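Readers should treat all values here as calculations from the given coordinates under stated rules, not as data from a laboratory. Everything quoted here is computed from the prediction, not taken from an experiment. Note that each Cβ is placed from the backbone with ideal geometry, even for glycine, and that neighbours are counted across all protein chains shown.
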Amino acid sequence: MNDSEAKKEILYIAQEMLKGSIDLIIGCRLIKSLRHQTNISDNEIFVPFIGIDSQTDHYPLGKVRELCDPDYLARVDKEISDFLAFTSEYIRDACRDLIKTLTIDTLQNGEQIVM
């Protein structure tokens, strides 16, 4: 994946996170991972996503949940719910800032944004 494709994928993920189509924690993990494929991977705009990933990397998400004990999942789901109650607006604000930054960067480079 090249820089342009990675930025478009990140834009898509951030937009879907705002719509509620992609889980906020999973989206942060995806954005954190994809940033390395951009030419702005060290940009401070990614700091919130790196931080959220770091704070939640012990939470089982996706298919790995199938391997977990139901009692453990109940406890973790409560932790996730509490965490998101505290951070969801922060994550959404980070998504909005990221969308703005990447959109401006893309347009300044003369590229089209096609979703």
* To do: As a check on your grasp of the helix formula, calculate [θ] at 222 nm for the chain: sum -39500 (n - 2.57) over DSSP H runs of n ≥ 4, divide by the residue count, round to the nearest 500.
  => -23000 deg cm²/dmol
* **Relative contact order (%) - the chain, alpha-carbon pairs under 8 angstrom, separation at least six** => 35 percent
* To do: In nm, give the distance between the simple-model label positions of Glu44 and Tyr72, each being 7 Å from the Cα along the Cα-to-Cβ direction.
  => 3.9 nm
* Structure fact -> Length gained, Arg65-Asp97, 0.36 nm per residue minus C-alpha separation, equals 8.4 nm
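Using 0.36 nm times the number of residues separating Met1 and Ile26, minus their current alpha carbon distance, what extension gain do you get?
Values: separation 25, 0.36 × 25 = 9.00 nm, distance 1.98 nm.
Result: 7.0 nm gained on full extension.
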* **Principal axis box of the chain, alpha-carbon based, largest edge first, Å** => 52, 27, 24
